[in-house]
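These notes concern the structure reproduced below.
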Amino acid sequence: MPFYCLFVLALCLAACHAWAQPVEGSIVLNDGTTSKGLVSYSNLTGVVDFESLGGDVRQSQSARYNARNIAGFAYNGKQYYSIPFRSPSGVVKQFFEVVREYKDFAVISKTDLLSQRSVSEITTLYFMRASDFQVMPFLEVLDRDVKWRIFDSNKIQVRVLDSTLPEIIMGENFGKVRAFAKERKLAWHMKDSLISILDYYDSLIK
């Protein structure tokens, strides 16, 4: 296959992956108003497309939002919030998926395509402290050639960004949690294991 065909194919795959098909969901505006309709989200552009469906097709309304003009949205069983995040260009609002919410903190994540020419994506998992809404990156998962995962399962790389965060978040309960994880051979850098660890921590403070 000629190189230019491969290049066009890669762009198409990236576009398909970045834009999800519209499904039933809801959005929450900055004033707290909730509207239900069809929702689609691009993790490449950070844009939400929304279509409010009334009883009459003529009453349907379409709109496009970013993290500055809505508080959050939900679709496909997932909840996203617009959260201020400090980046090299300053503090800007971005959409984060809520993985778990606890009394003292939440676990949130953000997935981005590395570039418009790439079919690789990177997911960063964060702790967000409830007291001041500080967002702290914990680990990132690089998934290379996500569309070709069926052919090669050795494309995923996990990197812990700050190994001190669990102790900072959990304080005096960290020792118990660490013992729990060690006893059950749970890995802090694996999402399912991490959720089990955090659920155990939450049970300690209830």
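Looking only at residues in segment 130-154 that are surrounded by 15 or more Cβ atoms within 10 Å (Cβ to Cβ) and basic (Lys, Arg), the one that is modelled with the lowest pLDDT is 147. The listed residues are 39, 99, 91, 48, and the only one of them that is aliphatic (A, V, I, L, M) and surrounded by fewer than 13 Cβ atoms within 10 Å (Cβ to Cβ) turns out to be 91. Restricting 122, 108 to residues that are modelled with pLDDT of 90 or more and either touching a Pro at 6+ places or on another chain (Cβ under 9 Å) or of a type outside the set (S, T, N, Q) (or both) narrows the list to 108.
Residue-by-condition table, conditions (1) modelled with pLDDT of 90 or more; (2) in contact with a Gly (Cβ under 8 Å, 6 or more places away or on another chain):
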{"residue": "30", "(1), (2)": "yes, no"}
{"residue": "43", "(1), (2)": "no, no"}
{"residue": "53", "(1), (2)": "no, yes"}
{"residue": "66", "(1), (2)": "yes, yes"}
{"residue": "74", "(1), (2)": "yes, yes"}
{"residue": "80", "(1), (2)": "yes, yes"}
{"residue": "83", "(1), (2)": "yes, no"}
{"residue": "97", "(1), (2)": "yes, no"}
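On the given criteria, is residue 174 surrounded by fewer than 18 Cβ atoms within 10 Å (Cβ to Cβ), over 27 Å from residue 34 (Cβ atoms) and modelled with pLDDT of 85 or more? Yes; evaluated as a whole, the condition is true for this residue. Scanning segment 110-124 for residues that are out of contact with any helix residue (DSSP H, G or I) (no Cβ under 7 Å at 6 or more places or on another chain) and surrounded by fewer than 21 Cβ atoms within 10 Å (Cβ to Cβ) yields 111, 112, 114, 115, 122, 123, 124. For the list (1) surrounded by fewer than 17 Cβ atoms within 10 Å (Cβ to Cβ); (2) modelled with pLDDT of 85 or more; (3) within 20 Å of the chain's Cα centre (by Cα), I need the number of the one condition that residue 168 fails. Among (1) surrounded by fewer than 17 Cβ atoms within 10 Å (Cβ to Cβ); (2) modelled with pLDDT of 85 or more; (3) within 20 Å of the chain's Cα centre (by Cα), residue 168 violates only (3). Right, residue 127: more than 8 Å from the chain's Cα centre (by Cα), of a type outside the set (D, E, K, R) and at pLDDT 90 or above or not? So residue 127 passes the test.
The values are calculated or read from the model by the stated rules, or taken from the named source; none is laboratory data. Here the structure is a predicted model, which is why all the values come from computation and not from measurement. We place every Cβ from the backbone using ideal geometry, glycine too, and count neighbours over all the protein chains shown.
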